[in-house]
1. In the chain, how many lysine pairs have Cα atoms under 18 Å apart, counting only pairs 8 or more places apart or on different chains?
2. With 28 Å as the cut-off, how large is the P(r) tail for the chain, expressed as percent of Cα-Cα pairs?
3. How far is helix 4-17 tilted, in degrees, relative to the longest principal axis of the Cα atoms in the chain, given as a value from 0 to 90 rounded to the nearest 10?
4. List residues of the stretch 11-37, by number, whose backbone nitrogen lies under 12 Å from a label position 7 Å along Cα→C-beta of Asp60.
5. Of Thr49, Tyr103, Asn16, whose Cα points farthest to the positive end of the dipole of the chain (charges on the beta-carbon: +1 Lys, Arg; -1 Asp, Glu; origin at the Cα centre)?
6. In terms of solvent-accessible area of protein heavy atoms at a 1.4 angstrom probe, what is the ranking of Thr31, Thr99, highest value first?
7. Mind checking the per residue accessible area of the chain for me, 1.4 Å probe, whole number of Å²?
8. Considering only protein heavy atoms, what is the solvent-accessible area of Asp119 at a probe of 1.4 Å, reported in Å² to the nearest 10?
Amino acid sequence: MFDIKDLYQEVIVDHNRSPRNFGKLDDADTTLEGFNPLCGDKLTLYLKTDGENISDIAFDGSGCAISVASASLMTDAMKGKSLEEAEKLFNEFHKLVTTDDEYDAEYLGKLAALAGVKDYPARVKCASLCWHTLHSALHGENTPVKTE
Ligand code: FES
């Protein structure tokens, strides 16, 4: 029988094996590092905006399957979004992985595959690493981000 969890698992495996937007963005206007002190994993986020929209976004670094899949899904979802939409997506994702509040599943799309991490606090940090890094980058912060 069809189980949504299998589909979610497939999305995570696929994005970990073939991460989208992986690599350096040479013409990025913001580059910011994210670091998970619990495991030592690091990622670098590259962002290019035109002042209103995210025109390009990429990441590289090393991390567990959840952190890579989350960064891959996030960059895919964020590309082309306005800064306002990006903030909404950040808030919906934060709700998805840290609360029992109702979230906008349609807006989140494939990102809903990460819903299961909510029950595992260490995994929440894995999934959130790229998101906090992007949030800081969008808010003009330039000190490396730590998940703590
Ligand atoms: Fe390091 Fe997940 S175990 S980010």
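1. So the count of such lysine pairs works out to 18.
2. In whole percent, the long-distance tail amounts to 11.
3. It is inclined by approximately 40 degrees.
4. 22-27
5. So the residue we want is Asn16.
6. Highest to lowest solvent-accessible surface, that is Thr31, Thr99.
7. On the way: 7970 Å² over 148 residues.
Here the residues of the chain average 54 Å² of exposed surface.
8. 110 Å²
The values are calculated or read from the model by the stated rules, or taken from the named source; none is laboratory data. Computed from a prediction, not measured in an experiment: that's the story for all the values here. Please note: Cβ atoms are built from the backbone with ideal geometry, for glycine as well, and neighbour counts cover all protein chains shown. Heads up: the accessible areas ignore ligands, DNA and RNA and are worked out on the full protein's heavy atoms, side chains in. Shrake-Rupley method; radii C 1.70, N 1.55, O 1.52, S 1.80 Å.
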